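A short worksheet on the structure shown next.
Every number here is computed from the coordinates shown, using simple stated rules; none is lab data. Worth saying up front: this structure is predicted, and the values here are computed from it rather than measured. Neighbour counts are summed over all protein chains in view; Cβ atoms, including those assigned to glycine, are modelled from backbone coordinates with ideal geometry.
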Amino acid sequence: MNFQSLINSLQYIKPEIVIAVVIVLVVTTDLIMGKNKSLLPWISIAGLIVASFFVIEQFSFKAVSSNANGSIGMITADPFGAFFKIIVIVSSIIIVFFSLSSNEIKEAFERHGEYYTLIFGMILGMFFMISSADLILIYLSIELLSLSSYILAGFTKHSLRNSEASLKYIIYGGASSGIMLFGISIIYGLTGTTNLYLLNSFFHLPQFGGFIFWLACILIFAGIGFKISAAPFHFWTPDVYEGAPITITAYLSIASKAAGFALLIRFIKVTFIDSVDASGYWQLLNLIDWKSFLILISILTMTLGNFAALWQSNMKRLLAYSSIAHAGYLLLGLAVLSDQGLIAILIYFAIYAFMNLGAFFVVMIIANKIGSEEIDDYKGLGYSMPFLSFSIAVFLISLTGIPPTAGFIAKLYLFIALVDAKMIAVAVIALLNTVVSLYYYIKVLKNMYLVRPEKEMPAVLVSPAAFAMLIVLLVPIFLFGIYFTPLVNLAKSSIGLMGF
Amino acid sequence: MTLETILFILFAGIAATTSVLMITRSNIVIAALFLILNFGALAGLYLLLNAQFLAVTQVIVYAGAIMVLFLFVIMLLKPEHERSIYKIPGMKIFAFAIAFLVFVQLAYLILFSSSSEKVSPDVQASINAGTIETIGRELFTNYILPFEAAGFLLLAATIGALILAKKKIE
């Protein structure tokens with residue numbers, strides 16, 4: 001047996017190795033240092049920075065690992081995966097800083113070791129989800145991500161709603177991963193392989209197709225759809241987002257969703273592609289009408305998310321429905337099935353990460369000060385907390401997609417991709433949805449600036465750390481809103497998947 | 001008589017006796033304990049058939065994990081009143097009919113299927129795949145990543161169990 005090809009493949013999993021080492025480091029440091037937990041966040045950030053070096057290295061790769069006998073292995077390294085891993089790393093670093101200023105997490109001081117270990121468990125799961133090319137590893141990485149996030153969702157165990165969030169997440173998650181596993185087992189039964197590249201060459205044969213094949217693919221989509229909270233698999237989102245500690249909510253809404261999208265794009269593009277034509281449109285195999293299916297799901301998702309958000313009175317629930325709506329826009333970018341749509345998705349994600357993290361951060365700081373996440377309690381905050389209110393106004397306007405914020409650029413590229421693909425009707429529906437979303441975002445601003453509070457509140461100062469964090473999050477919103485060429489160029493150079 | 005035959009008779013005897021004992025006990029905990037013995041004897045039979053991996057998983061998964069789950073459920077639910085299920089008329093006839101059907105099916109397969117003397121290459125390959133050597137080699141070369149990922153999955157699960165088991169933070 002020849003192990004050389006296995007050892008050569010080790011270079012493709014350097015970031016994953018770093019993350020795994022950090023998990024062990026955090027556990028042992030927690031054990032050795034005992035009551036002193038102040039070192040843990042800094043170990044985490046150092047580990048993430050080291051991992052980011054190896055991820056940046058992957059921008060120049062376009063390779064897949066190989067098995068001991070030289071056949072195609074399980075893990076890929078390509079610019080597409082590297083882009084999503086960078087999003088995961090950046091949001092993880094920001095989340096670690098969030099945790100430092102979150103009252104909820106500070107109160108659970110004794111469990112900081114477990115907290116950071118599980119966050120790194122999530123990161124490892126997401127990295128494998130992003131770069132995996134094998135259904136077995138895909139399933140295990142989804143489970144690793146889900147299991148860690150179930151526990152983190154009920155981490156503080158303070159209130160009833162915390163445990164409720166965790167339990168609901170476990171039940172929905174367990175059911176959906178079971179459904180996905182069933183789909184995978186059907187695919188394996190039909191073809192005898194779980195490798196996406198081998199599946200692609202199998203599907204070129206004429207005998208595949210029919211109802212059972214449809215069923216298997218829809219079942220697999222259900223598992224991934226749960227992770228990206230696409231309708232009709234979104235039921236868990238509002239409850240879990242409301243109940244979980246807010247750092248975890250913000251993390252789930254960015255990183256977990258990014259990993260889910262990376263997996264979905266890789267699954268569809270690698271498994272079902274026939275060829276890419278000169279203008280960048282993907283010709284998929286004539287097995288499943290992914291285009292109509294994705295358009296249907298995305299319109300359902302964004303409409304449902306936006307209309308349900310209209311009636312929310314809790315800020316976290318509102319952002320949960322808004323994140324469902326954004327998953328709908330992102331799915332629309334995939335439904336174009338072209339390189340241009342993929343570029344739009346990458347740009348959207350990079351910008352969405354900053355604006356959504358920012359919105360959640362301000363909600364957390366305000367909750368630290370006034371002890372509430374209800375929109376009614378935000379009355380008059382524009383005068384007692386001017387800087388915080390200004391920041392959340394910017395983040396919400398950016399989420400709507402109004403210039404000069406970066407959210408406009410994200411939506412612009414998405415709509416250009418749609419119009420170029422002659423999907424005018426769909427673009428109009430998305431545009432109308434954006435108008436609906438304007439209403440509930442502005443409702444928050446109206447409460448803060450135009451409604452008088454019942455009792456006068458003294459002016460509240462923001463701590464220097466939170467101030468610095470907000471600046472870090474605000475700058476990209478304006479920067480990418482005006483000078484977005486570098487981001488677009490990065491996205492354009494990151495659409496390369498291994499094999500295409 | 002070779003050692004293999006002696007062991008086969010021993011294990012098969014244990015398996016047959018315990019399965020009869022299991023279904024005739026009225027105390028459900030004792031029935032569950034007989035089931036463990038039955039699983040153990042079956043694992044011995046698998047070993048004799050050179051299916052080592054199956055034997056080990058039989059012991060770990062069935063005799064270990066699933067039986068513990070069984071016993072926990074039995075002890076938590078205290079199913080005393082379940083005994084009345086034996087008094088339902090027609091229940092015994094129904095059970096006998098099902099058991100008889102399965103018996104006939106298995107007997108037909110064993111007596112009338114082609115002899116195991118002439119094994120096709122496919123079947124031989126699947127027999128070899130059941131040995132610990134093959135599975136171990138696959139697990140530590142081509143499937144090393146899922147194997148390690150499963151390891152971290154178990155670590156996360158252990159930590160999660162600890163968090164859930166601990167009392168509220170003071």
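Quick test of the membrane-span-like rule: which DSSP H helices of chain A reach at least 24 Å along their long axis (C-alpha atoms) with mean Kyte hydropathy at least 0.5?
The qualifying helices are A:14-33, A:40-57, A:79-100, A:112-131, A:135-153, A:160-191, A:211-227, A:290-309, A:315-335, A:339-370, A:424-449, A:464-482.
Can you give me the C-alpha center-to-center distance between region A:305-339 and region A:241-285, rounded to a whole angstrom?
15 Å
With springs connecting C-alpha atoms under 10 Å apart, model chain B as a Gaussian network and identify which of B:ASN38, B:ASN142, B:ASN27 has the largest mean-square fluctuation.
B:ASN142
Taking the C-alpha atoms of chain B, how large are the radius of gyration and the largest Cα-Cα span, Dmax, in Å?
So, for chain B, Rg and Dmax equal 21.3, 70 Å respectively.
Given axes a ≥ b ≥ c from the Cα gyration tensor, I'd like to know whether region A:376-500 is rounded (a/c under 1.5), prolate (a/b larger than b/c) or oblate.
Oblate shape, in that a/c is at least 1.5 and b/c is the bigger or equal ratio.
Under a cut-off of 17 Å between alpha-carbon atoms, report the aspartates and glutamates in cross-link reach of A:LYS35, not counting same-chain residues fewer than 8 places apart.
The reachable aspartates and glutamates, counting only those whose Cα sits under 17 Å from A:LYS35, are A:GLU107, A:GLU110, A:GLU114, B:GLU170.
Between A:ALA425 and B:VAL20, how many nm apart are label points set 7 Å from Cα along the C-beta direction?
The two pseudo-label positions are separated by 7.2 nm.
Applying 1/(1 + (r/R0)^6) with R0 = 56 Å to the Cβ-Cβ distance of B:LEU10 and A:PHE182, what FRET efficiency is obtained, to the nearest 0.05?
0.90
For A:LYS369, list the lysines whose Cα falls under 22 Å from its own Cα; do not include residues on the same chain fewer than 8 positions away.
A:LYS106, A:LYS157, A:LYS316, A:LYS379, A:LYS443, A:LYS446, A:LYS455
Please report Rg over Rh for the protein assembly as shown, where both radii come from the alpha carbon positions and Rh follows the Kirkwood definition.
Result: Rg/Rh = 1.02.
Between region A:152-175 and region B:43-70, how many Å separate their Cα centres?
About 34 Å separates the Cα centre of region A:152-175 from the one of region B:43-70.
222 nm [θ] for chain B, helices only, -39500 (n - 2.57) per DSSP H run of 4+, per residue, to 500?
Taking each H run of at least 4 residues, the total per residue is -23500 deg cm²/dmol.
What is the calculated FRET efficiency for A:SER463 to A:SER493, with r their C-beta to C-beta distance and R₀ = 45 Å, to the nearest 0.05?
About 0.70, to the nearest 0.05.
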